[in-house]
Amino acid sequence: MRVTIVGGGISGLATAHLAAARGHDVTLLDDGARPGGLIGSVRRDGFLCEHGPQAVLDGPEETRALIEAAGLGGRVLHASPAARRRFVYVGGALRPFPASPPALIKTNLLSVGAKLRLFLEPFIGRADKDESVHAFVARRFGQQAADRAAAPALIGVFAGDAAALSVRSALPRVAAMEREHGSLLRAMRKRRKQGGRGLGHPVSFPDGLSELPVALARGLGTHRRVARAAEIAPIAAGWRVTTGDGVFLESERLVLATPAAATAALLAPHAPGAAAVLRAIPHAPVAVVCAGFRSAEGLGVDLDAYGFVVARGEGVRLLGCQYETSVFTDRAPAGGVLLRALLGGTFDPDLVDADDGAIAAQAVGDLRRAAGLARDPDFVDVWRARPGIPQYDLAHAERVRAIDEAVARMRGLSVIGHALRGVGINDCIAAATRLVAEM
């Protein structure tokens, strides 16, 4: 059948590619000349800067299949072993970040008393209702584990406050582990025995993560049109989309894979309640600062790591920093170093509106304090993500339910995207895979 997909981010591109592979007549409308939405890889002065996500995890089968189908299987770059080392800046120092709750025992992240508290986790009962991620971890593992491990970890994903994010919406797999096993530690032991692949490891491509959306767009050929969807309307055979330049597209199925605000604008005439709910989803704006150094000499940073996140209350506005060239070595000229600092989020949204110089100065100053950076960068690139990362707060599940109910009443219409069921690339690919399978 004919399928029109609005939105050229990874959700829309994956949906279009998978639908075309099943024989559907697909048209993708993308209002940006460059495919990929928030995914953006830019080479400047010999440095490869990721404006959006830095990598994708290779664990999910749907992700691996999409990479192969895009013709990129032979170009996959696996993160270096240094990526396994991660830190959190808390208590005025960088401390090893545990890869799992049991690993908390071996770090200096927690006090002796807080480590002993971890052993009570298998005896903690299940929750009968949703709660924040912070409350969930505090209940199961103790307050200090929530403050020093869970809260910084959520900053690295959502740039938001773990005390405001819903565990069932933001971390559905974790909530399911408690629901099904009664204990996260028991669930992880069982998973290890079964030899599950898990979420996998970070991978990218020689020219950056943008290779994936570019390859998907190239595969669509003329079925991808650079145009803005101005309005949508139901017709007897399905849906009509009117583009900004007055072109009409008619199809049996319509998929809106746009950011929440754009989806709300298209839905408003037909489902004003759903549009209002979409507009109510909070977001965290983020500023990205790529700092390049032509030599690692005298840098002062222990680069044998993925990077670090920053706990709140440390007097540092930085959310975290990824050591790009430690993870993927070809991100800078030979012998050079590229760091990627993140600022803003729900904690400091106004900083994202500052000028490039102020944002870069804040990043460099905080890197001096937190990571020991000893000199200024030779290259700086500042980029902003607005409105930013959707925040799956305690009202999120109810919002998604309301949107689903409204959309279900409009035959042939589907809505997906990172504002609903997962902010990560893997989540978006999984949602697209499910949607196409249901067509």
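Please determine, by comparing only the residues of the range 180-215 that are hydrophobic (A, V, I, L, M, F, W, C) and farther than 15 Å from Pro102 by Cβ, which one is surrounded by the most Cβ atoms within 10 Å (Cβ to Cβ).
Top of the filtered list is Leu212.
Is it true that Cys290 is out of contact with any Cys (no Cβ under 6 Å at 6 or more places or on another chain), over 24 Å from His17 (Cα atoms) and not β-branched (Val, Ile, Thr)?
Judged against the criteria, Cys290 is not a match.
What are the pairs, 6+ residues apart or on separate chains, where a residue within the range 264-293 that is under 21 Å from Ala233 (Cβ atoms) has its Cβ under 8 Å from a residue that is surrounded by fewer than 21 Cβ atoms within 10 Å (Cβ to Cβ) and acidic (Asp, Glu)?
Partner pairs satisfying both residue conditions: Leu266/Glu231; Pro269/Glu231.
Quick one: which strands (runs of 3 or more DSSP E) lie wholly within the range 1-90 and hold at least 2 residues that are within 19 Å of Cys428 (Cα to Cα)?
It comes to 2-6, 25-30.
What residue, of Val157, Val133, is under 25 Å from Ala55 (Cβ atoms), touching a residue at least 24 places away in the same chain (Cβ under 8 Å) and surrounded by 22 or more Cβ atoms within 10 Å (Cβ to Cβ)?
Val133
Can you tell me which residue among Leu185, Leu216, Leu254, Leu220 is among the aliphatic types (A, V, I, L, M) and under 30 Å from Arg399 (Cα atoms)? Write out each step before concluding.
Values: Leu185 fails: under 30 Å from Arg399 (Cα atoms); Leu216 fails: under 30 Å from Arg399 (Cα atoms); Leu220 fails: under 30 Å from Arg399 (Cα atoms).
Being among the aliphatic types (A, V, I, L, M) and under 30 Å from Arg399 (Cα atoms) holds for just one of Leu185, Leu216, Leu254, Leu220, which is Leu254.
So is Leu109 in contact with a Phe, Trp or Tyr (Cβ under 9 Å, 6 or more places away or on another chain), without any contact (Cβ under 8 Å) to a residue 60 or more places away in the chain and assigned to a loop (DSSP other than H, G, I, E, B) or not?
yes
Could you check how many residues of the range 91-103 are outside any loop (DSSP other than H, G, I, E, B) and more than 28 Å from Phe328 (Cβ to Cβ)?
2
Scan the range 272-297 for residues that are of a type in the set (A, V, I, L, M), farther than 16 Å from Ala402 by Cβ and touching a His at 6+ places or on another chain (Cβ under 9 Å) and jot them down. Spell out the reasoning first.
Looking only at the range 272-297, we keep the residues that are of a type in the set (A, V, I, L, M), and these are 274-278, 280-281, 284, 286-289, 291, 296.
If we keep only those that are farther than 16 Å from Ala402 by Cβ as well, we get 284, 286-289, 291, 296.
Result: Val288, single match.
From the residues in the range 228-258 that are out of contact with any helix residue (DSSP H, G or I) (no Cβ under 6 Å at 6 or more places or on another chain) and buried (at least 20 other Cβ atoms within 10 Å of the Cβ), which one is nearest to Leu420 (Cα to Cα)?
Going residue by residue through the range 228-258, those that are out of contact with any helix residue (DSSP H, G or I) (no Cβ under 6 Å at 6 or more places or on another chain) are 228-231, 233-254, 258.
Within this subset, residues satisfying the condition of being buried (at least 20 other Cβ atoms within 10 Å of the Cβ) are 229, 239, 241, 251, 253-254, 258.
On the way: Ala229: 20, Trp239: 22, Val241: 22, Ser251: 24, Arg253: 20, Leu254: 17, Thr258: 11 Å.
That would be Thr258.
Search the range 410-428 for residues that are in a strand (DSSP E or B) and pair each with any residue that is modelled with pLDDT under 95 and among the aliphatic types (A, V, I, L, M) when their beta-carbon atoms are under 7 Å apart and the residues are at least 6 apart or on different chains.
As it stands, the answer is none, since no pair meets every condition given.
Look at the range 24-56 and say how many of its residues are more than 29 Å from Val3 (Cβ to Cβ) and of a type in the set (S, T, N, Q).
So the count comes out to 1.
For Glu314, are the conditions met, namely being in the same structural domain as Leu351 (by TED's automatic domain parsing) and among the acidic types (Asp, Glu)? Steps first, answer last, please.
On the way: in the same structural domain as Leu351 (by TED's automatic domain parsing): yes; among the acidic types (Asp, Glu): yes.
Criteria met by Glu314.
Considering the range 109-147 alone, what residues qualify as being hydroxyl-bearing (Ser, Thr, Tyr) and under 25 Å from the mean Cα position of the chain (by Cα)?
Matches in the range 109-147: Ser132 only.
State yes or no: is Ile389 farther than 30 Å from Phe205 by Cα and modelled with pLDDT of 95 or more? Walk me through how you get there before you give the answer.
On the way: farther than 30 Å from Phe205 by Cα: no; modelled with pLDDT of 95 or more: yes.
Taking the combined requirement at face value, the residue does not satisfy it.
For Pro152, work out the one condition from (1) buried (at least 18 other Cβ atoms within 10 Å of the Cβ); (2) out of contact with any strand residue (DSSP E or B) (no Cβ under 9 Å at 6 or more places or on another chain); (3) under 25 Å from Ala55 (Cα atoms) it doesn't fulfil.
(2)
Taking the range 325-377, which residues are under 20 Å from the mean Cα position of the chain (by Cα), charged (D, E, K, R) and part of a helix (DSSP H, G or I)?
Once the filter is applied, which keeps residues that are under 20 Å from the mean Cα position of the chain (by Cα), charged (D, E, K, R) and part of a helix (DSSP H, G or I), the range 325-377 yields nothing.
Among the strands (runs of 3 or more DSSP E) confined wholly to the range 121-237, which include 2 or more residues that are assigned by TED's automatic domain parsing to the domain that holds Ala261 and at pLDDT 95 or above? Lay out the reasoning, then the answer.
On the way: elements: 202-204, 224-226, 229-235.
Because the criterion is at least 2 residues that are assigned by TED's automatic domain parsing to the domain that holds Ala261 and at pLDDT 95 or above, the strands (runs of 3 or more DSSP E) in the range 121-237 that meet it are 224-226, 229-235.
The values are calculated or read from the model by the stated rules, or taken from the named source; none is laboratory data. Everything numeric here is computed off the predicted structure, so don't read it as measured data. FYI the Cβ positions are ideal-geometry reconstructions off the backbone, even for glycines, and counts take in every protein chain you see.
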